[in-house]
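Trainee: Sharing a structure with you now.
The values are calculated or read from the model by the stated rules, or taken from the named source; none is laboratory data. Everything numeric in this text was worked out from a predicted model, so none of it was measured. Please note: Cβ atoms are built from the backbone with ideal geometry, for glycine as well, and neighbour counts cover all protein chains shown. With ligands, DNA and RNA removed, areas are computed over all heavy atoms of the protein, side chains included. Shrake-Rupley method; radii C 1.70, N 1.55, O 1.52, S 1.80 Å.
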Amino acid sequence: MYGGGNTFEHIKSNGLENEDPEKLAQFEARIERGEKIEPNDWMPQLYRKQLIRMIEQHAHSEIIGALPEGTWITRAPGFKRKLALMAKVQDEVGHAQLLYSAAETLGKSREQMIDDLINGKSKYSNIFNYPAFTWADSCFISWLVDAGAIVNQLANARGSYGPYCRALDRICAEESFHLKYGHHCVIHMATGTEKQREMMQAAINRWWPPMMHFFGPSDKISVHSEILMRWKVKMGSNDDMRNQFLDMYVPKIWELGFTIPDENLRKNEVTGRWEYTEPDWEEFKRVINGDGPCNKERLAVRRTAEERGRWVREALLAPKTEYVAPLA
Amino acid sequence: MESLDPRVNRLNLSTTELTSKAPLDQLGTYEVFSQLKEDKPYFHVGPVHAPNCEMAFLFAKEQFSRRQTCTGLFVVETRNIKVSVFTEGEDTVYNYISNPGELANGNTESFELFHLKKRGKQHEYIGTIEASSAEVALSMVKSEFINDKPVYNIWIIKTSDIESSQDEDKIIWDTLPDKKFRDAIAYKAADKIKEFKERQ
Ligand SMILES: [Fe+2]
Ligand SMILES: [Fe+2]
Ligand SMILES: [Fe+2]
């Protein structure tokens, strides 16, 4: 779950009445004990379905998320930044590979997932539908969008599905580089010329609303997924994740002398929670349903790559091997 | 559609309706195993998809050994891995493995064995066994490699099904220590922040 938003399908009927009650009890006891569920273990249909949906969206987010940063590689200031950004983008695409494989162990084929991204059926993290105008936007993404992703990923790594957790352990190890690299970039801008500081502040102003959307709709309006929490599919509510992010990163942004474009943003020392202006959830809905500044471009880039690389994959078609779901 | 990125604009993006793509992404499945240091056992690191063994190996090298250290890597087609039953608690897989009778009938091959010793973790290399079949190999491990700790699952792979790095290939990892730019420690900036705060 790269961003918490819109990740889970609305559960109309959980279908649990069709599950074997004894097996269900054993399954829940195993999760309760902190054991991981593995691909060959019994699991309820709903668990399988929601996990596929979540892991697949996470994988798509890695692929699409590599696009806004990827386009900045050639324009990154200097050799070191180019090298680092290239390494980061390679990591993100690698994350998608790991995640697709984890979802495959649950029974959805790779072919189908990649197709559902291209034909527009599957979602990915909403934040990547916004444009990266300047180098400072790229710095914001590397530091703070990744920071948000890390909050989600660290939580999910403690979830119940073995293959997803193992993929996330590898991913989180690499994310620590992304976070440090991104912070390094922003610090450089913050301690640079007046112009650099202005650029960075402008990027923060642009990205703050989508960053607040990143963790998904407020708990007040989002569907409560108590059962997904109990099954350790969802590891925290959207508001909890958002609060954790604010707690860790707002002080770090302020420390660099930047402001955040929300006059109501403050930590309530009594409750320990952050208070802020309610994000515009209508905009969030509009963008996630296709009407954001970059939705069309992101999918078109992906699809153009698919079409123009087709001859390579046709040449690779050598049916000596067989597609099967990965083992673990 | 006008992009902010000049490179994207030069791509001349296709703007036709979203449709299904050609079904060309269902390449074969391979499992990857790696060794981090000479004296450490190989363990399962994850799957890759590729059209053949050589490409699976190259992809695996990029995907699973581009940081820190690596001294060996191999890939095997997922369909060629024999998987035992799974057990739980204190129950070991070896309780379910029986002796198939005739052990040696002259023609033997070598098999690689992997144990799952902790639920939720990866399979780890245990040893190589010469046997006439995977089943016979399993029954032989019982006496050779197990102690009182439970084993929850076994993978067994015919050695000849493996595409592995050789000693002379190890130079592919020689440059890993130079790639500090891939690691968090290369981006220290605490001094810069301190200096900045002092200036305020
Ligand atoms: Fe990532
Ligand atoms: Fe990212
Ligand atoms: Fe990242």
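Trainee: Which of B:Cys53, B:His123, B:Leu36 sits closest to the plus end of the dipole of region B:25-164, meaning its Cα is farthest towards the positive end, when Lys and Arg get +1 and Asp and Glu get -1 on the C-beta?
Mentor: B:Leu36
Trainee: Next question. Please identify the GluC sites (Glu not before Pro) of region A:264-328 that satisfy two criteria: DSSP loop assignment and at most 14 other Cβ atoms within 10 Å. Which are they?
Mentor: On the way: sites: A:Glu269, A:Glu275, A:Glu282, A:Glu283, A:Glu297, A:Glu306, A:Glu307, A:Glu314, A:Glu322; in loops: A:Glu269, A:Glu322.
Here the GluC sites (Glu not before Pro) that fit, given the DSSP loop and packing criteria, are A:Glu269, A:Glu322.
Trainee: Also, quick follow-up: Can you work out ³J(HN,Hα) from phi for every residue in region A:95-110, in order, using Karplus 6.51 cos²θ - 1.76 cosθ + 1.60 and θ = phi - 60°, giving whole Hz and x for Gly and Pro?
Mentor: Working through the residues one at a time gives 4, 4, 4, 4, 6, 4, 4, 4, 5, 4, 4, 8, x, 9, 6, 4 Hz.
Trainee: Taking the dipole about the Cα centre of region A:57-177, with the C-beta of Lys and Arg at +1 and of Asp and Glu at -1, give me whichever of A:Leu154, A:Phe140, A:Tyr130 is farthest to the positive side.
Mentor: A:Phe140
Trainee: Using the Cα centre as the reference, give the magnitude of the dipole from point charges on the C-beta atoms of the protein assembly as shown (Lys, Arg: +1; Asp, Glu: -1; all else neutral), rounded to the nearest 20 debye. Let's see the in-between values first.
Mentor: Details: 69 positive and 78 negative charges, 296 e Å.
Once rounded to the nearest 20, the dipole reads 1420 debye.
Trainee: Loop sites only, by DSSP: take the GluC sites (Glu not before Pro) in chain B that have at most 16 other C-beta atoms within 10 Å and name the longest stretch containing none of them.
Mentor: Working: sites that count: B:Glu2, B:Glu17, B:Glu38, B:Glu88, B:Glu90, B:Glu102.
The answer is B:103-200.
Trainee: Per-residue accessible area for A:Trp254 at 1.4 Å probe radius, Å² rounded to 10?
Mentor: Looks like 110 Å² after rounding.
Trainee: Further question on the same structure: Check cross-link reach from A:Lys121 to the aspartates and glutamates: straight Cα distance under 14 Å, and skip same-chain residues fewer than eight apart.
Mentor: A:Glu9, A:Glu56, A:Glu111, B:Glu17
Trainee: Given B:Ser110, B:Pro23, B:Val151, which one lies farthest toward the positive end of the charge dipole of chain B, if we put +1 on the Cβ of every Lys and Arg and -1 on the Cβ of every Asp and Glu?
Mentor: Among B:Ser110, B:Pro23, B:Val151, the one farthest towards the positive end of the dipole of chain B is B:Pro23.
Trainee: What ranking of A:Val301, A:Val186 comes out by heavy-atom accessible area, probe 1.4 Å, highest first?
Mentor: On the way: A:Val301 25, A:Val186 0 Å².
Highest to lowest solvent-accessible surface, that is A:Val301, A:Val186.
Trainee: Right, here's the next one. What's the average, rounded to a whole number, of partner chain beta-carbon atoms within 10 Å of each residue's beta-carbon in A:291-301? If you can, show how the numbers build up before the last one.
Mentor: Values: counts 0, 0, 1, 3, 0, 5, 8, 1, 2, 9, 6.
Mean shielding count: 3.
Trainee: Shape of chain A from its Cα gyration tensor (a ≥ b ≥ c, root eigenvalues): rounded if a/c is under 1.5, otherwise prolate when a/b > b/c, or oblate? Present the calculation step by step, with values, prior to reporting the outcome.
Mentor: Values: a/c = 1.88, a/b = 1.25, b/c = 1.50.
The shape class here is oblate.
Trainee: Keeping all protein chains in place and using 1.4 angstrom, which order do B:Ser84, A:Ser160 fall into by accessible surface area, from largest down? Walk me through the intermediate numbers first.
Mentor: Values: B:Ser84 25, A:Ser160 5 Å².
Listed by decreasing accessible area, they come as B:Ser84, A:Ser160.
Trainee: Report, for the protein assembly as shown, the % of DSSP beta bridges that are antiparallel, rounded to 5. Walk me through the numbers before you get to the answer.
Mentor: Details: 34 of 35 bridges.
Taking every DSSP beta bridge within the protein assembly as shown, about 95 percent pair in antiparallel fashion.
Trainee: Divide by every residue of the protein assembly as shown the summed helix terms, -39500 (n - 2.57) for each DSSP H run of at least 4, and state the resulting mean residue ellipticity at 222 nm, rounded to the nearest 500 deg cm²/dmol. Intermediate results must be reported in sequence, preceding the final value.
Mentor: Details: 17 runs with 228 residues, N = 528.
Counting only the DSSP helices, I get -14000 deg cm²/dmol.
Trainee: Rounded to a whole number, what % of the accessible area of chain A do carbon and sulfur atoms account for, probe 1.4 Å? Kindly include the intermediate steps, with their values, before the conclusion.
Mentor: Details: 7190 of 13170 Å².
The C+S portion of the solvent-accessible surface of chain A is 55 percent.
Trainee: Roughly what would the spin-label model give for B:Tyr96 and A:Ala29, points 7 Å off Cα along C-beta, in nm?
Mentor: Result: 1.8 nm between the two label points.
Trainee: While we're on this one: Just to be sure I understand the interface: list residues from region A:310-328 that lose 20 Å² or more of accessible area between the chain on its own and the complete protein assembly, 1.4 Å probe.
Mentor: Going by heavy-atom accessible area, the residues of region A:310-328 that drop by at least 20 Å² are A:Arg310, A:Arg313, A:Leu316, A:Leu317, A:Lys320, A:Thr321, A:Glu322, A:Tyr323, A:Val324, A:Pro326, A:Leu327, A:Ala328.
Trainee: In addition: With every protein chain present, what accessible area does A:Leu327 have (1.4 Å probe, heavy atoms only), rounded to the nearest 10 Å²?
Mentor: 50
Trainee: What number comes out for accessible area per residue over region A:16-304 if the probe is 1.4 Å? Units Å², please. Mind showing how you got there, number by number?
Mentor: On the way: 10880 Å² over 289 residues.
Accessible area per residue: 38 Å².
Trainee: Exceeding 24 Å between C-alpha atoms, which entries from my cross-link table qualify? They are A:Lys232/B:Lys37; A:Lys123/A:Lys252; A:Lys296/B:Lys21; A:Lys36/A:Lys234; A:Lys82/B:Lys37. Please report the intermediate quantities before stating the final value.
Mentor: Values: A:Lys232/B:Lys37 35 Å; A:Lys123/A:Lys252 31 Å; A:Lys296/B:Lys21 17 Å; A:Lys36/A:Lys234 14 Å; A:Lys82/B:Lys37 30 Å.
From the list (A:Lys232/B:Lys37; A:Lys123/A:Lys252; A:Lys296/B:Lys21; A:Lys36/A:Lys234; A:Lys82/B:Lys37), the Cα-Cα distance tops 24 Å for A:Lys232/B:Lys37; A:Lys123/A:Lys252; A:Lys82/B:Lys37.
Trainee: Which whole-number value in Å² is the accessible area per residue of region B:25-164, probe 1.4 Å?
Mentor: Details: 6470 Å² over 140 residues.
Accessible area per residue, region B:25-164: 46 Å².
Trainee: In region B:104-200, carbon and sulfur make up what percent of the accessible area (probe 1.4 Å)? Walk me through the numbers before you get to the answer.
Mentor: On the way: 2720 of 5750 Å².
Answer for region B:104-200 is 47 percent, counting heavy atoms of protein chains only.
Trainee: OK, next. Using 0.36 nm per residue of separation minus the Cα-Cα distance, give me the extension gain between A:Cys172 and A:Lys252 in nm, one decimal.
Mentor: Numbers: separation 80, 0.36 × 80 = 28.80 nm, distance 2.04 nm.
Length difference between fully extended and current span is 26.8 nm.
Trainee: With a ≥ b ≥ c the root eigenvalues of the C-alpha gyration tensor of region A:112-171, is it rounded (a/c under 1.5), prolate (a/b larger than b/c) or oblate? All intermediate terms of the calculation are to be shown ahead of the outcome.
Mentor: On the way: a/c = 2.95, a/b = 1.22, b/c = 2.43.
Oblate, because a/c is 1.5 or more while a/b does not exceed b/c.
Trainee: Give the interface area between chains A and B as buried accessible surface, both sides summed, probe 1.4 Å, in Å² to the nearest 100. Before the final figure, lay out each step's value.
Mentor: Details: alone 16180 and 14140 Å², together 24170 Å².
Chain pair A/B: roughly 6100 Å² of buried accessible area.
Trainee: Cα centroid distance between region B:1-75 and region A:72-95, in Å?
Mentor: Here the two parts' Cα centres lie 17 Å apart.
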